[in-house]
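Peer 1: This is the structure I have questions about; it appears just below.
The values are calculated or read from the model by the stated rules, or taken from the named source; none is laboratory data. As the structure is a computational prediction, the values presented were derived from the model and not from experiment. All Cβ positions, glycine included, derive from the backbone under ideal geometry; neighbour counts span all protein chains shown.
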Amino acid sequence: MTAAAPRYKRILLKLSGEALMGDDAYGINTAMLTSIVAEIKAVAEMGVEIGVVIGGGNIFRGVAGTATGMDRATADYMGMLATVMNAMALADAMRRIDLAARVQSALNIEQVVEPYIRGKAIRYLEEGKVVVFAAGTGNPFFTTDTAAALRGSEIGAEIVLKATKVDGIYTADPKKDANATRFATISFDEAIGRNLQVMDATAFALCRDQKLPINVFSIFKAGALKRVVSGEDEGTLVHV
């Protein structure tokens, strides 16, 4: 019996920096990093082309920096550098399990990682390499959610997969409301109308305008990424 073909040929996976912490207070948890790259490899082995946008909140968060009086642009650039560190760790962990990966950064740090070049990124994807996009959009005042929407649109991804701690979008906070139910699917307009805050407003608007669906799922749930890509009822699909 042959495995079912994946629903999507090319995806953009948005990982938060916090996902790499596991149960630690900060930094990169090796066991969590290993688990995440194993999930990514399982999807790559289905023939799916994978781009990844990684956050930096486990090391430094720009918005938090401004709360202590730091200039917002400076803090955001520091956050971008944190994402480069995470991207390098992610790519290194992939290579250790024989999964070819390339890091492309929106900030030029050519001694360390490649600069972001759209055509080159697409070629890597077509060659079966995972491309990890670092440094957000390269501009302050924009989140890595917006970078995910932007890179997903640029590379022609069929869907943005937003990995979170919760296994989808609920009618209310499931930790506070026992009666909260998960949406299997929801439209962009309904998500906006309910103020569900799936992603930041800029990222959400870009995905809606580009008709680029989003699936919100839990990266901590074993096999969830593969189930989403296979088209199973996993997470919440936000669509036009």
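Peer 1: Taking into account only those residues within the stretch 32-65 that are of a type in the set (Gly, Ala, Ser) and assigned to a loop (DSSP other than H, G, I, E, B), which is farthest from the chain's Cα centre (by Cα)?
Peer 2: From the stretch 32-65, those of a type in the set (Gly, Ala, Ser) are 35, 38, 42, 44, 47, 51, 55-57, 62, 64-65; that's our starting set.
Cutting the leftovers down to assigned to a loop (DSSP other than H, G, I, E, B) gives us 47, 55-57.
Details: GLY47: 19, GLY55: 8, GLY56: 11, GLY57: 13 Å.
Taking the candidates together, the pick is GLY47.
Peer 1: Determine whether the stretch 44-64 contains at least one residue that is more than 30 Å from LYS9 (Cβ to Cβ), of a type in the set (A, V, I, L, M, F, W, C) and surrounded by 15 or more Cβ atoms within 10 Å (Cβ to Cβ).
Peer 2: yes
Peer 1: Let me ask you something else. Are any residues in the stretch 65-92 among the β-branched types (Val, Ile, Thr), crowded, with 21+ Cβ neighbours inside 10 Å and touching a helix residue (DSSP H, G or I) at 6+ places or on another chain (Cβ under 8 Å), and if so, which ones?
Peer 2: Restricting attention to the stretch 65-92, the residues satisfying the condition of being among the β-branched types (Val, Ile, Thr) are 66, 68, 74, 83-84.
In the following step, the residues that additionally are crowded, with 21+ Cβ neighbours inside 10 Å were identified as 83-84.
Of everything in the stretch 65-92, just one residue is among the β-branched types (Val, Ile, Thr), crowded, with 21+ Cβ neighbours inside 10 Å and touching a helix residue (DSSP H, G or I) at 6+ places or on another chain (Cβ under 8 Å), namely THR83.
Peer 1: Only one residue in THR171, THR164, THR144 is polar (S, T, N, Q), crowded, with 17+ Cβ neighbours inside 10 Å and either over 15 Å from the mean Cα position of the chain (by Cα) or at pLDDT 95 or above (or both). Which one?
Peer 2: Criteria check complete, one pass: THR144.
Peer 1: Which residue, of ARG118, ARG95, ARG123, is without any contact (Cβ under 8 Å) to a residue 40 or more places away in the chain, surrounded by fewer than 17 Cβ atoms within 10 Å (Cβ to Cβ) and touching a helix residue (DSSP H, G or I) at 6+ places or on another chain (Cβ under 7 Å)? If you could, list the steps in order and put the result at the bottom.
Peer 2: Working: ARG95 fails: touching a helix residue (DSSP H, G or I) at 6+ places or on another chain (Cβ under 7 Å); ARG123 fails: touching a helix residue (DSSP H, G or I) at 6+ places or on another chain (Cβ under 7 Å).
Going through ARG118, ARG95, ARG123 in turn, the sole match is ARG118.
Peer 1: So, one more: Enumerate the pairs (first residue in the stretch 175-203 and assigned to a helix (DSSP H, G or I); second residue anywhere and surrounded by 13 or more Cβ atoms within 10 Å (Cβ to Cβ) and among the aromatic types (Phe, Trp, Tyr)) with beta-carbon separation below 9 Å, excluding pairs fewer than 6 apart on the same chain, so at least 6 apart or on different chains.
Peer 2: As it stands, the answer is PHE188/PHE204; GLU190/PHE183; ALA191/PHE183; ALA191/PHE204; ILE192/PHE204; THR202/PHE142; ALA203/PHE142, since those pairs meet every condition given.
Peer 1: Being among the hydroxyl-bearing types (Ser, Thr, Tyr), at pLDDT 95 or above and more than 16 Å from the chain's Cα centre (by Cα) is the requirement here; does SER153 meet it?
Peer 2: In short, no.
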